[in-house]
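Peer 1: Following this message is one structure expressed as structure tokens.
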Amino acid sequence: MQTIHEPSAIGRRCESLRREGKTIGLVPTMGAFHEGHLSLMRRARAENDVVIVSIFVNPIQFARGEDFESYPRDLQGDLAQAERAEVDLVFTPSAEEIYPDGFQTYVDVTEITKGLCGASRPEHFRGVTTIVTKLFNLIRAHRAYFGQKDYQQSAAVRRLVADLNLDLEIVLLPTVREADGLAISSRNVRLAPEERQAACVLYTSLRLAEERVGSGERDAKTILDEMRSVIEAEPLAHLDYVALCDPETLKPLDRIEDPMLAVLAVRFGKTRLIDNLLLTLP
Ligand code: AMP
């Protein structure tokens, strides 16, 4: 497995891989690998000649006061795990190389990034879509792999690829969960033991929505009220938002449609967790 730091060097390497006729699968990450990341790497391994993983904690997607400084980082551990997952190449640029002095160009997907996480993190998705565009341009992958856990992020990336006529396939893979249903996240390690226990309410609340839809409830407000009650019954949980929305536009729905996205964000102390379930009518 090769590690490359410089953007110009990865550009050259990928150019020559394409000339050799190799297909390239890209897994963009911020590191601190867990089973969720590894599931994307495995799928990329199965579908491409060359697997490239980027590790970059992207400063422009964190607002002042968010957890950029304290975001979990473990480069040595990540490299060992990537090697075991048979990744061919890891791209680990520095912030100075990605955003050199004078940098001033951003990619902004304007509508589907406004609500949900965008409401409390107004510049977050602009940071995500800008770094993803830069990675797509440097690596020119045939396929890029994203997790459903960050559903709004993947929706913004799909929109960006369609709107800017980018020539690659976006592959969305299911959320990998702990045995008790908690979506695996790099941020879970920051939960105190009692917060970790309490964090089950995200999945419990999503499963409740699934059950209600399954048993015929079609009024979104009724389901949302029940989802909120589950979160509010947990003293350590502070609800940021809960929504039932159209999976394409991410606009809230009054009546249940097929398919529909149930999605929420909940804080435990300083740690903010997100999760979602795609619901289909029976
Ligand atoms: P991150 O390093 O958190 O930016 O995540 C990198 C990629 O891994 C993103 O596409 C995430 O959606 C995906 N990912 C994170 N957690 C999970 C999970 N539990 N299951 C599946 N994919 C995940």
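The values are calculated or read from the model by the stated rules, or taken from the named source; none is laboratory data. Since this is a predicted model, take the numbers as computed values, not measurements. Every residue, glycine among them, receives a Cβ derived from its backbone with ideal geometry; neighbour counts consider all protein chains shown.
Peer 1: Filter the stretch 137-150 down to residues that are within 8 Å of the ligand (Cβ to nearest atom) and either in a helix (DSSP H, G or I) or in contact with a Cys (Cβ under 7 Å, 6 or more places away or on another chain) (or both), then give me how many there are.
Peer 2: Total meeting the criteria: 3.
Peer 1: Moving on to the next point. Select, from V109, V132, V161, the only residue that is out of contact with any Asp or Glu (no Cβ under 6 Å at 6 or more places or on another chain), away from the ligand (no atom under 13 Å from the Cβ) and not in a loop (DSSP other than H, G, I, E, B).
Peer 2: V161
Peer 1: Here's something else I'd like to know. Based on this model, can you work out whether G25 counts as surrounded by 19 or more Cβ atoms within 10 Å (Cβ to Cβ), within 16 Å of the ligand (Cβ to nearest atom), farther than 18 Å from H142 by Cβ and in contact (Cβ under 8 Å) with a residue 40 or more places away in the chain?
Peer 2: no
Peer 1: List every residue pair whose Cβ atoms sit under 7 Å apart, with the two residues 6 or more apart in sequence or on different chains, where the first one lies in the stretch 140-156 and is farther than 15 Å from M30 by Cα and modelled with pLDDT of 95 or more and the second, anywhere, is among the charged types (D, E, K, R) and away from the ligand (no atom under 11 Å from the Cβ).
Peer 2: R140/R18; H142/E169; R143/E47; R143/E169
Peer 1: Only one of these is away from the ligand (no atom under 13 Å from the Cβ) and touching an Asp or Glu at 6+ places or on another chain (Cβ under 7 Å): R13, R45, R18. Name it.
Peer 2: R45
Residues are listed down the side, and each one gets a yes or a no for (1) surrounded by fewer than 18 Cβ atoms within 10 Å (Cβ to Cβ); (2) farther than 19 Å from A9 by Cβ:
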| site | (1), (2) |
| --- | --- |
| V90 | no, no |
| E96 | yes, no |
| E111 | yes, yes |
| H124 | no, yes |
| T129 | no, yes |
| V132 | no, yes |
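Peer 1: Name the pairs: first residue in the stretch 213-234 and in contact (Cβ under 8 Å) with a residue 40 or more places away in the chain, second residue not in a strand (DSSP E or B), Cβ to Cβ under 6 Å, at least 6 apart or on different chains?
Peer 2: V213/I256; G214/P282
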